[in-house]
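Down below is the structure, laid out as structure tokens.
The values are calculated or read from the model by the stated rules, or taken from the named source; none is laboratory data. This is a predicted model, so every value here is computed, not measured. Reconstructed Cβ throughout: ideal geometry from the backbone, glycine too, with neighbour counts over all protein chains shown.
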Amino acid sequence: MNMQVRSLTELIGAEIVGVDLGKPLDEATKSRLYRYFADRAVLVFRDQDLDPPRFAAAAQLFGKIIPEQFDNYRLPEYPLVSSLSNRDLEQAGERRAVRGADFHTDHSNYAAPPKATVLYGVEIPPSGGGDTEFASVQAAYDDLPEATKRRAEGGARLSRRAL
């Protein structure tokens with residue numbers, strides 16, 4: 001496999017070229033991809049052709065899938081995969097709200113939220129790329145003054161005790 005990696009920004013993101021996520025990958029490739037994910041936090045694989053089972057298999061390269069918390073967004077034929085759109089959708093006679101219209105963190109209401117969100121663009125607008133944006137909380141934390149970090153760490157310990 002001729003994998004190439006290109007950083008997308010100084011802090012996060014990498015484009016992975018030469019990997020077909022729809023085909024089985026050897027352990028060395030899986031390990032390299034996971035290391036890139038751990039280092040860059042956001043990976044982009046362009047021009048993939050994935051049906052729901054192959055998409056789920058690709059997602060599992062990076063960890064266990066946590067099912068969508070709202071049943072009405074899960075694909076009935078493959079419930080490990082959910083569907084979202086920037087349009088109102090009609091499904092089984094039920095109106096679904098536009099998801100992700102505002103900044104959010106997926107499943108932040110979970111005591112142990114997932115380490116990643118995996119997206120597969122099926123229909124992407126010609127400009128704006130769907131306007132999905134990512135931020136590096138680690139970089140924001142690293143930029144804080146030491147006194148602020150100590151206060152934040154103390155608060156985190158207190159809130160963990162409260163759980």
Q.
For region 1-48: of the residues being among the hydroxyl-bearing types (Ser, Thr, Tyr) and assigned to a helix (DSSP H, G or I), which is surrounded by the fewest Cβ atoms within 10 Å (Cβ to Cβ)?
A. Ser31
Q: Taking the options Leu33, Leu25, name whichever one is in contact (Cβ under 8 Å) with a residue 12 or more places away in the chain and under 25 Å from Glu133 (Cβ atoms).
A: Leu33
Q. If you go through region 68-90 one residue at a time, do you hit one that is of a type in the set (D, E, K, R), part of a loop (DSSP other than H, G, I, E, B) and either in contact with a Phe, Trp or Tyr (Cβ under 8 Å, 6 or more places away or on another chain) or at pLDDT below 75 (or both)?
A. yes
Q. Within region 97-106, can one find any residue that is part of a loop (DSSP other than H, G, I, E, B), of a type in the set (Asp, Glu) and either at pLDDT below 70 or in contact with a Phe, Trp or Tyr (Cβ under 8 Å, 6 or more places away or on another chain) (or both)?
A. yes
